[in-house]
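Just below is one structure, and these are the notes that go with it.
The values are calculated or read from the model by the stated rules, or taken from the named source; none is laboratory data. For clarity, every value in this text was computed on a predicted model and none was experimentally measured. Cβ coordinates were reconstructed from backbone atoms using ideal geometry, including for glycine residues, and neighbour counts include every protein chain displayed. Only protein heavy atoms, including side chains, enter the accessible area calculation; ligands, DNA and RNA are left aside. Shrake-Rupley method; radii C 1.70, N 1.55, O 1.52, S 1.80 Å.
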Amino acid sequence: MKGQEWYQADDVAEEYDNKRFSKGGQLIDRREKEAVLEAIMPVEDQNILEIACGTGRFSVMLAEQGADVVGLDISAAMLQQGRKKTQNVALEGTLEFLRGDAGRLPFPDDHFDTVIAMRFFHLADDPEAFLEEMNRVSSEQIVFDTFNRFSSRSVYNWALPMGSRLYSKSEVAVLLAKTNLTLVDVEDDFIVPYGLYRSIPNSLASPIRTLDEAIGNLPVSDHLASVSYWNTRVR
């Protein structure tokens with residue numbers, strides 16, 4: 001995985017949410033959570049695994065909605081931040097944070113109803129192998145996102161501390177075919193790069209987001225969107 005040492009540092013974990021999901025980054029956080037919920041609702045009583053859960057943004061949200069969730073990540077520091085989020089929080093479901101390797105998941109076949117992986121595949125050195133492992137432990141559904149090759153992200157991708165693997169739609173289609181997954185739906189979003197939203201206050205980010213969404217509704221914009229949310233079913 002790209003950038004493992006950087007990602008597992010204590011100071012990075014402590015500042016992770018504040019740097020990425022404060023100010024205009026709150027728009028990104030809301031949109032990503034919306035995409036996950038749209039794909040897998042209703043989640044009550046579902047058994048869900050989140051791969052690369054980080055600080056638990058999605059794991060905590062799903063447990064609050066009534067799901068039984070395991071959040072798995074390679075970074076002990078990130079998991080500790082996730083556990084802090086659950087303090088004094090009443091969860092409708094259950095939540096366990098577990099340190100582990102996404103390439104060798106410590107679960108039996110078909111153990112979870114749904115597996116999600118957000119902000120993961122851009123770091124995967126062997127995306128097919130990771131997707132196969134996710135498929136192995138899921139009995140029904142896999143939801144993940146990718147950063148797109150023909151987008152504004154390609155302009156500054158080289159400067160990111162962890163780098164990114166960028167995908168074309170055809171590459172993801174091949175991955176799904178190889179791993180025996182059926183595409184249910186894909187949503188494309190964010191013409192404006194994430195980095196801009198993170199660096200400006202909400203008062204500026206909101207009107208930019210409105211324009212971004214308007215452009216995003218045009219048919220041609222699917223090829224310019226920086227991120228895609230993939231909802232797939234296990235065959």
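Taking amide H as placed 1.01 Å from N in the peptide plane, the amide H of Val227 sits under 5 Å from that of Asn148, Asp189, each at least 5 places away or on another chain. With N as its number of residues, the chain has a Cα radius of gyration that, divided by 2.2 N^0.38 Å, comes to 0.97.
I need the calculated FRET efficiency for the pair Asp222 and Gln26, taking r as the beta carbon distance and R₀ as 25 Å, to the nearest 0.05. Efficiency, rounded to the nearest 0.05: 0.50. Rolling a 1.4 Å probe across all protein chains gives Arg30 an accessible area of roughly 130 Å². Beta bridges per DSSP, both residues in the chain: antiparallel share near 40 percent. Ignoring lysines fewer than eight residues from Lys169 along the same chain, the ones with Cα atoms less than 20 angstrom from its Cα are Lys178. 3J(HN,Hα) along segment 57-65: 3, 7, 4, 5, 4, 5, 5, 5, 7 Hz, from the Karplus curve 6.51 cos²θ - 1.76 cosθ + 1.60 with θ = phi - 60°, whole Hz, x for Gly and Pro. Annotation: amide H-H contacts under 5 Å for Phe97 (H modelled 1.01 Å from N, sequence separation of 5 or more, or interchain): Gly71. Relative contact order for the chain: 22 percent, from Cα pairs under 8 Å spaced at least 6 residues apart, divided by residue count. Placing a label point 7 Å from the Cα of Glu96 along the Cα-to-Cβ direction, the residues of segment 34-75 with a backbone N closer than 11 Å are 69-71. With contributions of -39500 (n - 2.57) from each DSSP H run of at least four residues, the per-residue ellipticity at 222 nm computed over the chain stands at -11500 deg cm²/dmol.
Close amide-amide hydrogen proximity is noted between Gly56 and no other residue 5 or more places distant or on a separate chain, at a cut-off under 5 Å (H modeled in the peptide plane; Pro and chain starts excluded).
Can you pull the percent of segment 113-235's accessible area that's carbon plus sulfur, 1.4 Å probe, other chains left in place? Carbon and sulfur atoms account for 60 percent of the accessible area of segment 113-235.
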